[in-house]
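Structure first, commentary second.
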Amino acid sequence: MADLLYPWLKALHVIAVISWMAGILYMPRLFVYHCDAEIGSKQSETFKIMERRLYKAIMTPAMIVAWIVGLYIAWDRQFFAEPWFHGKLAMVVAMTAIHFFLGHSVKAFAADKNRHGHKFYRIINEVPTLLMIFVVLLVIVKPF
Ligand code: HEM
């Protein structure tokens, strides 16, 4: 990849990551309040629309762009052998698992079949926050 392109691709990666993280940190908050909304109420139906659009129109496309551009940069710059990249990859795989879990919860709420309470989603909210902090430290500081 021409050196000229590299910073543009990295910028695209970071823009996609910011959009993905905005959604993955906001979605559990929607679930916390959705848990208290009465099934069938106008409020619950509004939450369903917000959750579906956030997941399908923002989180999932942003995650796909973050993965494709990130893997391309890693391949081009030969980062696959780097220990910091192994740590980062393990964390973003965990982040991706949380993404799909939240997608599963969007479907459960849409079918009025959510089984978890607001405390559960408050705790879930902390996991991607911690992962994000470690991912950013690994990729910028490259401690090992
Ligand atoms: C989804 C899979 C991901 C892959 C394959 C990936 C891969 C990469 C690669 C190869 C770079 C270039 C590193 C360099 O040039 O020094 C990079 C940069 C970056 N990544 Fe990711 N990444 C992913 C997800 C994430 C996530 C989830 C975050 C944040 C939560 C993140 C934050 C960053 C940041 C801030 C940079 C810029 C680092 C710098 O300019 O020094 N990435 N990523």
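The values are calculated or read from the model by the stated rules, or taken from the named source; none is laboratory data. If you're wondering where the values come from, they're calculated on a predicted model, not measured in any experiment. As a convention, Cβ positions derive from the backbone with ideal geometry for all residues, glycine included, and neighbour counts pool all protein chains shown. Just the protein is used for accessible areas: all its heavy atoms, side chains included, with ligands, DNA and RNA removed. Shrake-Rupley method; radii C 1.70, N 1.55, O 1.52, S 1.80 Å.
Tabulated data for the structure shown
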read-out: Count, lysine Cα pairs under 27 Å in the chain, 8 or more residues apart or across chains; value: 17
read-out: Karplus-derived HN-Hα couplings along the range 84-95 (A = 6.51, B = -1.76, C = 1.60, θ = phi - 60°), whole Hz, x at Gly and Pro; value: 4, 6, 4, x, 5, 4, 4, 6, 6, 5, 5, 4
read-out: Mean separation of Cα contacts under 8 Å (6+ apart) over length of the chain, as relative contact order %; value: 38
read-out: Karplus-derived 3J(HN,Hα), 6.51/-1.76/1.60, for each residue of the range 69-80, Hz, glycine and proline x; value: 5, x, 5, 5, 4, 4, 5, 5, 8, 6, 8, 4
read-out: Between the range 102-140 and the range 33-59, the Cα center-to-center distance that results, in Å; value: 15
read-out: The range 54-59 - phi-based ³J(HN,Hα) in whole Hz, Karplus 6.51/-1.76/1.60, Gly and Pro as x; value: 4, 6, 7, 8, 10, 4
read-out: For the chain, calculated [θ]222 nm from helices alone, where every DSSP H run of n ≥ 4 adds -39500 (n - 2.57); value: -26500 deg cm²/dmol
read-out: Kirkwood hydrodynamic radius over Cα pairs of the chain, then Stokes diffusion coefficient at 37 °C and 0.692 mPa s, in µm²/s; value: 201
read-out: Kirkwood Rh (inverse of mean 1/r, distinct Cα pairs), the range 44-96, angstrom; value: 12.9
read-out: With at most 14 other Cβ atoms within 10 Å, longest stretch of the chain clear of loop trypsin sites (Lys or Arg not before Pro) (DSSP); value: 1-76
read-out: For the chain, accessible area per residue (1.4 Å probe, heavy atoms of protein chains only), Å²; value: 60
